[in-house]
Each structure stands twice: as structure tokens, then as C-alpha cells.
2 protein chains.
Amino acid sequence: MKAEIITVGTELMIGSTLNTNGPYLSRKLTDQGIEVAYHQSISDGREVIEEALRIALGRSDLIFLGGGLGPTQDDQTKEIVAKSLGRKLIRDKDLEEDLRRYFSSRNYKMTQNNLKQADIIQGSQIIQNKNGTAVGECLALDRGYLYLLPGPPREFEPMVDDLVANYLPKGDFDIYLKSIQVMLLGESTIESRLRELGLESPETSINTFAKLGEVEIKIISKLLREDPDKAEKLAYHERVIQELKKEFAPFIYSEEGEDLAQALVQKLIKKGQRISFAESITGGRLAQKITSVPGASKILKSSYVTYSNEYKIKDLGVSQDLLARKGAVCQEVADEMALGLYKRTGADLSLGTTGEAGPISNENKPIGTLYFSIAHQGKLVEGKKLDLRGDRQSIQEKGTILVLSHLMAYLKRGENHDQ
Amino acid sequence: MKAEIITVGTELMIGSTLNTNGPYLSRKLTDQGIEVAYHQSISDGREVIEEALRIALGRSDLIFLGGGLGPTQDDQTKEIVAKSLGRKLIRDKDLEEDLRRYFSSRNYKMTQNNLKQADIIQGSQIIQNKNGTAVGECLALDRGYLYLLPGPPREFEPMVDDLVANYLPKGDFDIYLKSIQVMLLGESTIESRLRELGLESPETSINTFAKLGEVEIKIISKLLREDPDKAEKLAYHERVIQELKKEFAPFIYSEEGEDLAQALVQKLIKKGQRISFAESITGGRLAQKITSVPGASKILKSSYVTYSNEYKIKDLGVSQDLLARKGAVCQEVADEMALGLYKRTGADLSLGTTGEAGPISNENKPIGTLYFSIAHQGKLVEGKKLDLRGDRQSIQEKGTILVLSHLMAYLKRGENHDQ
């Protein structure tokens with residue numbers, strides 16, 4: 001079963017908007033064991049939409065068309081699709097009622113254009129939209145299904161979730177999915193290790209999804225519901241999960257699909273430990289990652305961005321002599337930052353970062369050099385030099401993720417010792 | 001002249017990578033007055049590549065094919081393109097030499113697969129790649145041009161810049177481009193104002209490009225080089241720029257393509273003013289935005305993330321009584337944070353933020369409430385309540401950009417008074 005995604009919108013063609021709908025839907029379909037074979041992006045225009053649809057109808061079983069369902073004149077997707085399929089547009093009385101209620105409750109004036117949103121293509125099922133006035137549609141075709149969805153991501157994404165749960169053809173397969181989040185290893189390292197392990201089977205595939213410094217490993221098994229060997233194949237799926245969990249054990253930070261900061265905040269809340277940061281090179285990013293997680297106030301003590309030597313001395317008590325002798329970019333300064341921070345805040349975990357993000361090196365240290373230090377109850381427990389590559393922002397961002405990763409690895413080691 | 005972009009890579013089809021190459025190239029082509037009409041994304045596979053190329057050759061004048069030029073077996077784009085066009089692949093002796101030198105200088109072993117990178121399609125011009133071993137190619141076709149480019153963005157993007165400057169067909173047009181960066185106004189507000197102004201002409205188009213809280217307005221005029229009315233049309237282009245600069249004057253923060261943080265750091269350096277932040281709801285994001293800009297160390301004094309009431313009192317001297325009486329989420333606390341911060345750091349500009357990012361409200365204030373306060377030389381000059389929508393991270397991020405925007409607007413007003 002081949003799937004094809006068509007995203008409509010002139011803003012996509014001039015590059016003014018990143019297309020996030022396509023990848024969002026792609027991930028969800030891949031999770032269902034469905035192969036996404038094609039993705040077309042086109043501008044808002046009758047001929048191009050007709051052409052894209054014609055191409056897709058000729059080669060794909062599931063067609064997803066996103067965008068062009070709004071009430072403005074540009075949004076003519078529905079009419080074009082109806083015409084291409086030789087079907088009529090029918091005014092849905094319930095939808096019309098809903099729209100009238102929506103507009104009158106807000107004291108908006110409703111135009112004929114707005115009413116177009118109550119038209120649906122003959123024979124289609126309505127997919128409700130909780131975040132907007134344009135509903136989605138699901139049409140059974142000779143060969144498969146066509147889905148119409150609105151373009152704005154905050155409408156598109158929840159509707160995709162609904163669609164995947166309730167409007168995909170129930171094939172003869174059951175899907176088993178497990179996700180493992182890994183830190184401190186590059187995607188290519190993980191992929192070559194996966195190739196060596198050779199665990200994939202016709203039913204069980206392993207995909208990796210990389211974000212900066214974090215990699216998600218997804219194990220997907222697509223098993224025929226009536227397969228006589230199903231129990232055995234399901235056991236194999238479980239075996240693959242166990243092998244990967246063993247293989248990457250020190251590097252796994254979550255099996256719940258969380259990002260690193262979320263997993264870290266949860267772990268600290270569970271341990272009842274509080275944290276604080278003294279940031280030079282990371283410039284506020286450590287605090288920012290932690291405060292982006294709900295519940296951060298439970299575990300974050302005061303945090304400092306001490307970018308200048310002056311405040312490393314004043315706020316953290318870093319030795320003036322050390323700074324004069326070795327400069328700000330060295331392990332000793334990171335250590336003194338972490339220790340000085342502990343004195344100030346008494347946080348269970350205090351972290352210091354210092355380094356050179358470029359583009360010009362102030363102290364003649366290589367650009368991309370980062371030192372971090374972690375103190376636990378005021379005792380130095382972990383500190384290291386990282387050599388980072390890329391431009392200023394990549395160095396800062398990558399460094400932040402790596403420092404949080406080393407903190408997580410430290411906390412994990414502590415748990416293993418406890419056991 | 002219609003352009004079509006084809007991006008190849010299975011990682012795009014399963015949604016594991018956002019496609020940034022397509023939008024990057026789209027923006028560059030739009031800047032050249034070239035209409036991008038189609039964008040196809042496909043997986044690494046002989047048939048799908050052949051099919052995509054066949055479709056594109058039938059309808060587009062400029063075809064850009066990105067990805068699939070690496071040395072691994074998946075990367076077969078070049079062979080497929082050559083075959084589709086009925087041309088041969090020819091080993092380029094200079095490229096072979098370069099590759100051998102590259103591998104021997106790094107003590108890497110070179111395989112037959114690696115050598116494939118020295119093959120180019122008969123009749124094509126080579127586009128050099130400064131960041132990788134896969135060169136690009138430019139082929140003249142009957143109808144137009146076909147360009148092959150490697151997939152990794154750090155190779156793709158500089159090669160696109162080179163391509164746009166040197167390998168696009170010299171049409172009969174000259175392109176005039178001006179970019180204006182606007183803050184504190186939504187894209188839809190700007191667009192409806194642009195519609196009212198009605199300044200577009202057949203030669204002069206106006207596009208908007210929105211990032212969170214920042215909008216870029218681009219004025220592009222595409223003038224026939226030999227147009228007898230060229231001078232007049234160019235004067236019109238300039239008039240449009242002047243009208244838009246007048247229309248959006250209080251909201252323009254740059255005409256140099258900078259982002260808001262860059263423009264702010266430049267302005268503060270020019271003024272010789274230093275800044276510091278006391279962040280509660282923004283959680284380190286203000287410092288992070290400023291430190292992401294080179295030269296930030298010149299203008300950033302120490303900065304604090306005081307997430308808890310305890311440290312609002314301890315580090316900033318916010319009154320315990322006030323916190324007990326009115327809670328942390330109010331204008332008075334933001335004001336006291338800004339003033340307390342000035343006492344600590346003596347920064348010319350000190351900013352405080354407090355608010356409720358959700359998902360649960362601690363003090364029964366509406367989620368999305370943000371108060372900020374700006375002190376200039378220890379005197380309160382600007383403070384306001386913002387009502388933000390979205391999830392926790394959107395509230396924090398949008399709030400950060402808006403606070404920086406209000407700071408920029410304050411600095412701009414100061415300059416106008418000075419004049």
C-alpha cells in the first residue's frame with residue numbers, strides 16, 4: 001500500500017514556510033507500517049492541483065491532500081477535487097448550522113465564501129476539526145482512499161492523529177511499535193552498529209530519527225493478523241527490543257518518547273534533587289531547556305549567565321588569579337563555577353560551563369572548545385572538555401545538549417550503583 | 001520560466017528529517033524572480049527517480065535535483081539521470097585526481113564506490129563543492145537546464161549560492177530586491193495592510209516571510225533589461241520601498257536581513273550600552289537569544305534566571321510582602337526585578353520578566369500572562385502585560401521575542417527623540 005502526500009500552498013513554493021505537515025504525517029504513517037512513496041508540494045492553482053491529483057491517482061493507494069480548505073478565494077481545493085473525481089459538492093446542513101452558530105456567537109459577519117466550508121464532496125465522511133472551521137474529508141475511491149485536510153499545523157496535526165486512529169483502511173496487519181531515545185551517540189554510529197547487529201527481518205524494521213544530539217530508534221513490526229507464526233514473530237519483535245536496550249543501555253535516556261530535558265526534569269523530580277546552572281558559553285540555554293518542561297519550578301534553583309570574567313568573580317567567586325593565569329576557558333574555571341554556584345544556591349546539582357563559541361577566539365583557544373563541570377552536593381563529580389564543530393549557534397546548542405546528556409549519564413550511573 | 005525542485009532521500013519520506021533544502025532553494029530562486037511551480041520529494045529508488053524526472057522534464061524549464069550524489073550504493077541519482085537523458089557517464093580525470101589526493105591525505109582507503117564521485121554526465125559543467133566530495137552538475141537541455149546537487153544542507157546551501165550567482169541562465173531580466181524586517185505586527189496584519197496599499201505591479205511583487213514574532217517583507221522587481229520604461233519602473237520600485245518604510249516605520253528593526261537579536265546587539269554596541277536580564281517566565285531565553293550573537297560579550301552583563309520566589313527575593317531584592325500579597329505574576333514584581341537587577345549589575349538596561357507559561361497555573365493567573373519591565377539607568381521606562389497563546393514553549397518563545405521587540409522599539413523611540 002503506497003501513500004502519497006500533496007501539500008498545497010504558495011507560501012511553500014516561495015520558501016516562506018517550512019513544510020512541517022508532510023514530515024508529521026510521514027512519521028505517523030511510517031509508524032503504521034505504511035510506505036510513503038511520494039510527496040508533492042504545489043502552489044494554490046487549479047491546473048497544478050488537478051495535475052498533482054491526476055499523477056497521484058495513477059500511482060498511489062492512499063492520497064493525503066493538505067491545505068486549500070479555507071474560506072478565501074485562493075482555497076479552491078475542494079471544488080477541484082470534486083470535479084477531478086466527477087463528484088458533486090453537497091451542502092451539509094449540520095455543518096452549515098455549526099458555521100452559522102460559530103459566526104453568530106462571535107458576532108462575525110458570515111459571507112457566501114464562509115458558507116463554502118459547509119460543502120463536502122459527495123460520498124465523503126467528515127473528519128472533525130477541533131481547532132478551526134474547515135473540516136477534513138475521507139473519500140473511498142476504487143483503488144484506495146483520498147483524504148482532505150486543512151493546512152495550518154495546529155489544525156492539521158490533531159486531525160492526522162484522529163485520521164490515523166479512525167479513518168485509515170483496516171488492513172490485514174497489526175502494528176507493533178517501540179521507541180527508544182538515545183544520547184551521546186551519533187546517528188551514523190548507531191546506524192552502523194544496527195547494520196552489524198543485522199536484526200531487521202521482513203516484518204521488523206528499525207528506523208532512526210536524529211535531532212541535534214539525540215537519536216530516536218524506532219522498532220516497527222508489521223504482522224499479518226492471521227499469520228500462523230504470529231506469536232513467534234511477536235516474540236522476535238520483543239527480542240529485538242531487548243537486544244537494542246542491552247546494546248545501547250548506557251546511552252538510553254527514555255523509552256517514553258520524551259526529549260532529553262523532559263526525561264531529566266522527571267528524573268530530578270523523582271529523586272527530589274534540585275539543580276542550578278552557571279552558564280558562560282551556553283549563555284542561558286541550559287536553563288532554557290529545563291524551564292521549557294512543565295514542573296521545572298520544582299527542581300530549578302536560581303541560575304546564572306556569567307558571560308564576563310567580572311561576574312564569574314563577583315557572582316561565583318571564581319579566582320581572579322586563576323582567570324589571569326589560565327584564562328576563562330579551562331577546566332579549573334568550570335570547576336570553580338560549579339563549586340561557587342553550590343555555595344550560592346545549595347543546589348544538589350550545580351553545573352558550570354565555559355568555552356569559546358566563536359566566530360572570533362578571545363583567548364586564543366580553538367573555537368568549539370567547551371569545558372563543563374558538575375558538582376553533586378558541592379563535590380566535583382564530572383568534568384570534561386568537549387570539542388564541538390559548526391557555527392556559533394550550533395556550538396552553543398550542541399554543547400548544551402551534550403552537557404545535559406553527561407548529567408543524565410551521571411544520574412543513571414548513580415542509579416546502577418544504588419541497585 | 002518555471003522551476004521544479006526534486007529532493008531525493010528516504011529519510012525525507014519517513015519524516016525523519018525536515019526538508020530545509022527545498023525552502024532554501026525556493027527563497028533564492030524567488031529572489032531571482034523565478035517562479036517555483038513544483039516540488040517533489042521522493043525516496044532513493046531507481047523507478048521513482050526516473051518517474052519524477054520524466055514528470056519534471058515534461059513541464060519545467062529549470063529542474064533542480066538534490067540528494068543521491070554520495071558514494072554509497074543508495075546514491076544512484078547520477079546514473080539514473082544520465083540514462084534518462086540518453087547520455088553517458090564520463091570519468092573526469094581532474095576530479096579523480098582530486099579524490100585520490102583527498103583520500104590519501106587523510107589515509108582513508110578509496111573504494112570503487114568512492115571513485116564513482118569522479119563520474120560526470122556527458123556535456124555537464126561541474127559546480128564545485130567546498131564542503132564535500134560530491135560535485136554538483138549543470139546540464140543544458142533542449143528546453144532549459146538541469147542541476148544536480150548533493151543533499152547535506154551544509155554542502156547544498158553554499159552550492160546553491162554559487163549556482164544562483166553563476167549557473168542560472170542569464171535571462172532578459174534584471175532583478176532588484178529589498179528586504180525589510182518588521183517586529184510587533186502579525187503577518188496577517190501586514191498582509192491585509194499590503195493589500196489595502198495595493199502597491200504591487202506586473203513587475204514589482206511584495207512577499208512576506210514570517211518567523212515567530214518577526215516578519216520579513218521582500219520587494220522584488222523583475223525588469224526587462226531592454227525595457228524602454230526601465231528607469232521609470234525602477235523609480236517605482238524605489239517608491240514602493242519608501243512607502244513601505246514609511247508605513248511600517250515604528251516596527252522596522254533592520255533593513256540588512258538581520259534577525260531581531262542581531263539587530264539589537266548591533267544597536268547596543270553602537271550605543272555603548274550594556275544590558276542584563278532577570279528572567280522568570282522566559283527562563284533563560286532572553287540571555288540565550290543575545291548570547292547567540294557574536295559580540296554579545298561586549299554588551300551583556302550578568303543575567304539571572306530567578307524562577308522561584310526565593311531567588312526573586314534573594315538575588316533581586318523583590319519584596320517578600322509584595323510576593324505574598326499579589327503573587328509573582330504582576331507588573332509590580334516585574335518592575336522590582338528590573339530595579340533590583342540594576343542595583344546588582346548597574347547595567348544601562350535591565351529587564352525583568354514574570355508570568356505563567358502553563359500548562360498548570362500556579363497562582364490562578366491565566367496561562368499566557370506575561371509581565372515585563374525595562375529599566376534604563378535604574379529608572380522604569382517601559383512595562384506591559386502581554387497575553388500570549390499556545391503551549392508552554394510557544395508562550396515562552398513568543399514572549400521572549402516580544403520583550404526584545406519592545407526593547408528595540410524603546411531604543412528606536414529614544415533615537416527619534418534625540419534627532
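The values are calculated or read from the model by the stated rules, or taken from the named source; none is laboratory data. Computed from a predicted model, the values in this text were never measured in an experiment. FYI the Cβ positions are ideal-geometry reconstructions off the backbone, even for glycines, and counts take in every protein chain you see.
Here's the yes/no breakdown for (1) within 14 Å of chain A (Cβ to nearest Cβ); (2) more than 25 Å from residue A:275 (Cα to Cα); (3) under 25 Å from the mean Cα position of the chain (by Cα):
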{"site": "B:242", "(1), (2), (3)": "no, yes, yes"}
{"site": "B:248", "(1), (2), (3)": "no, yes, yes"}
{"site": "B:290", "(1), (2), (3)": "yes, no, yes"}
{"site": "B:293", "(1), (2), (3)": "yes, yes, yes"}
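Which number in (1) of a type in the set (S, T, N, Q); (2) touching a residue at least 12 places away in the same chain (Cβ under 8 Å); (3) at the interface with chain B (Cβ under 10 Å from one of its Cβ atoms) marks the one condition that residue A:221 misses?
Going through the list (1) of a type in the set (S, T, N, Q); (2) touching a residue at least 12 places away in the same chain (Cβ under 8 Å); (3) at the interface with chain B (Cβ under 10 Å from one of its Cβ atoms), residue A:221 breaks only (3).
Scan the stretch B:368-412 for residues that are of a type in the set (Lys, Arg), away from chain A (no Cβ under 14 Å) and touching a strand residue (DSSP E or B) at 6+ places or on another chain (Cβ under 9 Å) and report the count.
Going through the stretch B:368-412 one residue at a time, the tally reaches 3.
Quick check on the stretch A:131-141. Is at least one of its residues of a type outside the set (D, E, K, R), part of a helix (DSSP H, G or I), buried (at least 17 other Cβ atoms within 10 Å of the Cβ) and out of contact with any His (no Cβ under 6 Å at 6 or more places or on another chain)?
no
Considering each of A:80, A:63, A:14 in turn, give the residue that is buried (at least 21 other Cβ atoms within 10 Å of the Cβ) and within 24 Å of residue A:129 (Cα to Cα).
So the residue among A:80, A:63, A:14 that is buried (at least 21 other Cβ atoms within 10 Å of the Cβ) and within 24 Å of residue A:129 (Cα to Cα) is A:63.
Which residue, of B:324, B:347, is of a type outside the set (Asp, Glu) and away from every other protein chain (no Cβ under 14 Å)?
B:324
Which one of these is assigned to a helix (DSSP H, G or I), more than 30 Å from residue B:33 (Cβ to Cβ) and hydroxyl-bearing (Ser, Thr, Tyr): B:108, B:102?
So the residue among B:108, B:102 that is assigned to a helix (DSSP H, G or I), more than 30 Å from residue B:33 (Cβ to Cβ) and hydroxyl-bearing (Ser, Thr, Tyr) is B:102.
Looking at the stretch A:30-41, is at least one residue buried (at least 24 other Cβ atoms within 10 Å of the Cβ), hydrophobic (A, V, I, L, M, F, W, C), more than 8 Å from chain B (Cβ to nearest Cβ) and in contact (Cβ under 8 Å) with a residue 60 or more places away in the chain?
no
It is to be established whether one or more residues within the stretch A:99-107 are within 20 Å of residue A:163 (Cβ to Cβ) and of a type in the set (Phe, Trp, Tyr).
no
Grab the strands (runs of 3 or more DSSP E) fully contained in the stretch A:144-245, keeping just those with 1 or more residues being of a type in the set (S, T, N, Q).
The qualifying strands (runs of 3 or more DSSP E) are A:173-183, A:204-211, A:214-224.
Can you tell me which of B:104, B:124, B:60 is farther than 24 Å from residue A:3 by Cα and within 14 Å of chain A (Cβ to nearest Cβ)?
Testing whether each residue is farther than 24 Å from residue A:3 by Cα and within 14 Å of chain A (Cβ to nearest Cβ) leaves just B:60.
Looking only at the stretch B:36-45, which residues are at pLDDT 90 or above and not aromatic (Phe, Trp, Tyr)?
Of everything in the stretch B:36-45, those that are at pLDDT 90 or above and not aromatic (Phe, Trp, Tyr) turn out to be B:36, B:37, B:39, B:40, B:41, B:42.
State whether one or more residues within the stretch A:391-402 are on the phi > 0 side of the Ramachandran plot and at pLDDT below 95.
No; the residues of the stretch A:391-402 include none that is on the phi > 0 side of the Ramachandran plot and at pLDDT below 95.
If we keep just the residues of the stretch A:374-393 that are over 27 Å from residue B:261 (Cα atoms) and among the small types (Gly, Ala, Ser), which is surrounded by the fewest Cβ atoms within 10 Å (Cβ to Cβ)?
Ranking the candidates gives A:378 first.
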